[in-house]
Amino acid sequence: MSSDRSDELFTVRRYQYKNGDFEIDIPCVEKIALHPFMAFWGDNSKIAERLQAIQNMAIKGDDILVAAYPKCGTHWVWEIVSMIMKGKADYQRDIKEELMIEGKIDLSSVGNGEACRLLNTHFPYRFIPRKLIENGGKIIHVTRNPKDMYVSLYHHAISSGLLGPKSENVTWNQYFNDYVFGEVQFYGTWFAYEREMSRAKKENKNILSVHFEKLKSDPVTEIQRLADFINIHVTDNLVKDIVNKCDFKNLKKADKDVKSMGQEMKVLIEASTKDNPSLKLPEIYRKGSVADWKNHFTVAQNEKFDALIEIEMKDIDLDVFYEITNT
């Protein structure tokens, strides 16, 4: 078993940073800022206990986990896989967060019944439930060009108040300097997340990587690959229907017209906003595009980020797609 799966004794501390309108005040483990949902559990010691409880939670061998760094396409792939599992292109009525392992209050309810088999998380590999690995549960890992991911996360952060009460005033330049190259990031850096997943894939054959860009350019092939991975037969017509229903514009509309939020999620959001009054619900679906980073990165920023990629990715066995354009 990988060293990343060893017993984790979580040490939680409060990370606070402020520079002008940019402000972060949130619990973290090492350099991994935790989801605001964690505020529900109270002080640092109770949050640490909760993280341990998540690692020890009961998971069945046929459970499936969509695991992705934030803003890499988690909602998209989760919806696609749910349609594959149901055998019809019907949207899930519950929001994805209802089955997000870091957003479950009652962990004993996870995995009970057909509707609870498809879970999701942004946690790094070493944080996820051990039983999922031990019982041979399948993990669908979604990744994306980090430049596009950071741009998407920027818009998510300023619209949701993640960067403080004056988040809307935080410019791309300040975000790039204070967050992308800052000490602490939500769920750690994209590079650390992918490095950990790359190591895990060498030992765990039940991990399938899906690239945002490939899913965008050739959804039919990628949906078939997902179905094959979870051992479910799909017809050509079903794949065609899923492609249509999971087109970005249709997903965005369904998010407003179809989805509903359960009581448990309302409780978590209330706790999060009490801990950080600047927080509000973000718009999940913004552009869903490829290469939007070119509209944000300056030449100097791109050169600086490319230098970071060269250092951070030398040990990561992962293809990243930079120049695939929208079709």
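The values are calculated or read from the model by the stated rules, or taken from the named source; none is laboratory data. Note that this is a predicted model, so its numbers are computed, not measured. As a convention, Cβ positions derive from the backbone with ideal geometry for all residues, glycine included, and neighbour counts pool all protein chains shown.
Figures for the structure shown
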read-out	value
In segment 56-113, the residues that are among the basic types (Lys, Arg) and in a strand (DSSP E or B)	none
Some residue of segment 31-47 being out of contact with any helix residue (DSSP H, G or I) (no Cβ under 9 Å at 6 or more places or on another chain), under 24 Å from Thr143 (Cα atoms) and not acidic (Asp, Glu)	yes
Enumeration of residues in segment 271-303 that are farther than 21 Å from Ile24 by Cβ and modelled with pLDDT of 75 or more	Val290, Ala291, Asp292, Trp293, Lys294, Asn295, Phe297, Thr298, Val299, Ala300, Asn302, Glu303
Lone qualifier among Val234, Val243 - being at negative phi and assigned to a helix (DSSP H, G or I)	Val243
Of residues in segment 76-116 being modelled with pLDDT under 75 and out of contact with any Cys (no Cβ under 9 Å at 6 or more places or on another chain), the one surrounded by the most Cβ atoms within 10 Å (Cβ to Cβ)	Gly111
Residue in segment 203-252 that is surrounded by the most Cβ atoms within 10 Å (Cβ to Cβ), counting only those that are touching a residue at least 40 places away in the same chain (Cβ under 8 Å) and of a type in the set (Asp, Glu)	Glu213
Residues of segment 168-183 satisfying the condition of being crowded, with 22+ Cβ neighbours inside 10 Å and hydroxyl-bearing (Ser, Thr, Tyr)	Tyr175, Tyr179
Test: residue in segment 159-166 that is crowded, with 22+ Cβ neighbours inside 10 Å and at pLDDT 95 or above	no
Looking only at segment 18-53, and only at residues there that are among the small types (Gly, Ala, Ser) and modelled with pLDDT under 90, the one that is farthest from Val184 (Cα to Cα)	Gly42
Matching residues in segment 11-26 - criterion: being surrounded by 19 or more Cβ atoms within 10 Å (Cβ to Cβ) and under 20 Å from Tyr125 (Cβ atoms)	Val12
Candidate set: segment 131-156, residues that are over 14 Å from the mean Cα position of the chain (by Cα) and aliphatic (A, V, I, L, M); chosen: the one nearest to Asp63 (Cα to Cα)	Leu132
Among the candidates Gly73, Gly87, Gly42, residue that is more than 17 Å from Pro124 (Cβ to Cβ), more than 17 Å from the chain's Cα centre (by Cα) and in contact (Cβ under 8 Å) with a residue 24 or more places away in the chain	Gly87
Output for segment 78-110, where each listed residue is hydrophobic (A, V, I, L, M, F, W, C) and on the phi > 0 side of the Ramachandran plot	none
